[in-house]
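See below for the structure under consideration.
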Amino acid sequence: MIRARIIATGSYAPEKVLTNFDLEKMVDTSDEWITERTGIKERRIADEKQAASDLAYVAAREALKGSGLKARDIELIIVATVTGDMSLPATACILQDRLEAKRAAAFDVNAACSGFIYGLSVANAFIKSGAYRRVLVVGAEVLTKFTDWEDRTTCVLFGDAAGAAILEAVNEDRGILCTKIHSDGSMWDLLHTPGGGSRYPASKETLRKKQHFIKMKGNETFKIAVRTLEGLVLETLDENKLKPADLALLVPHQANLRIIQATASRIGLPMDKVAVNLDRYGNTSAASIPFALDEAVRCGRVRDGDYILLEAFGGGLTWASALIRW
Ligand code: ACO
């Protein structure tokens, strides 16, 4: 049976660090509040010239290097982002050009924080169908360029980063075993960036109303995320006749440490089997899972044959999981 296997990963975060103490000087907040409510201590901020494709490029190059492949071996590039370089063209096309991946088809996926797993799911389907053998999936975000630095309810949460994975068709009993993607559009307004699209095209009015910044009803989103993620993880494991104890590592979306801890505790998974790096990078939306996965791989936390579960919840609303036998 053909399966899609992740043969290499890569990641990148900009150098500039913004700590909770820096934020204390910008808005009415405190290191204590941010740490207790989110688990975040610091985040990385892209410089003025860095767009999503610049971060994606570094992560993708690193993954390519690890895979031993050349850019021209890649047949499809999927970039998951809600903060792409421009609304036209796709950031994946800009990345394709920079990588000189001349044979690849390229498109973006917009599923907010679930975007990387959505991308992985599409790549998996293409590989299993026999259409492509080698696919690059990247999650890349520069959320801080869409952040209202006067809104303490959102500006303490987000950071910039990119993570990449190269998938290859294999005839082995390992790789991606299953992906699940879900949406509920009835709650799209819990998390959105209203201005700049065709609903509210950019104008002096949209600028005045700060409609180009991310708006989030955090507390409502939090409650739905906790409820939903437990069911998602158990459903994914059940379908594959696995129990939480079979997992070597859970790689959750890094939105809030309390959401991550609640999910782990509800399914009975000890925190030493959970990848957490939001203390250092904050919520990097679609980049958070490939970034945390790459870190786990590089630290030797992932070994051949291990069962790894990726899970995410985000704007849309969307939620998604991927079960992998490494
Ligand atoms: N500093 C100090 N006080 C603050 C801050 C801050 N930075 N932000 C909010 N507060 C205040 C609020 O004004 C409120 O005060 P009040 O009680 O006087 O009204 C109080 O703190 C509590 O606010 P809540 O919003 O209820 O705080 P909560 O515990 O829910 O934490 C948070 C907020 C961190 C945003 C949390 O709700 C959360 O993480 N939500 C989920 C985010 C998520 O998962 N999003 C989806 C993925 S992101 C994506 O798709 C791009």
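Values quoted throughout were computed directly from the atomic coordinates according to the rules given, and no laboratory measurement underlies them. Just so it is clear, the structure is predicted and the values come from calculations on it, not from any experiment. In this analysis, Cβ positions are derived from the backbone assuming ideal geometry, glycine residues included, and neighbour counts consider all displayed protein chains.
Starting from the eigenvalues of the Cα gyration tensor, five times each then square-rooted, give me the equivalent ellipsoid semi-axes of the chain, largest first, whole Å.
Its equivalent ellipsoid spans semi-axes of 29, 24, 18 Å.
How would you rank 326, 188, going from fewest to most other Cβ atoms within 10 Å of each one's own Cβ?
Details: 326 16, 188 13.
In order of increasing Cβ crowding within 10 Å: 188, 326.
Peptides 299-308, 112-121, 173-182: what's the order by average Cβ count within 10 Å, highest mean first?
Most protected by this proxy first, the peptides run 112-121, 173-182, 299-308.
List the aspartates and glutamates whose Cα sits under 16 Å from the Cα of residue 49, skipping any in the same chain fewer than 8 residues away.
15, 85, 141, 160
Could you tell me what percent of the DSSP beta bridges with both partners in the chain are antiparallel, to the nearest 5? Could you put the intermediate results ahead of the total?
On the way: 40 of 58 bridges.
Counting only bridges with both partners in the chain, antiparallel ones make up about 70 percent.
Rank-order 258-268, 159-169, 49-59 by packing density, defined as the average count of other C-beta atoms within 10 Å over each peptide's residues, highest first.
159-169, 49-59, 258-268
Given the C-alpha centroids of region 244-279 and region 1-57, what is the distance between them in whole angstrom?
19 Å
Using a Cα distance threshold of under 28 Å, what count of lysine pairs results for region 132-218 when pairs must be 8 or more residues apart or interchain?
Count of close lysine pairs: 10.
How many percent of Cα pairs in region 209-326 exceed 20 Å?
So the portion of pairs separated by more than 20 Å is 40 percent.
Mind checking which of 130, 34, 88 is farthest towards the positive end of the chain's charge dipole, using Cβ charges of +1 (Lys, Arg) and -1 (Asp, Glu) about the Cα centre?
The listed residue farthest towards the positive side: 130.
Gap in Å between the Cα centre of region 118-144 and the Cα centre of region 59-104?
Between the Cα centre of region 59-104 and that of region 118-144, the gap is 11 Å.
Roughly how big is the chain's charge dipole about its Cα centre, with Cβ charges of +1 (Lys, Arg) and -1 (Asp, Glu), in debye to the nearest 20?
580 debye
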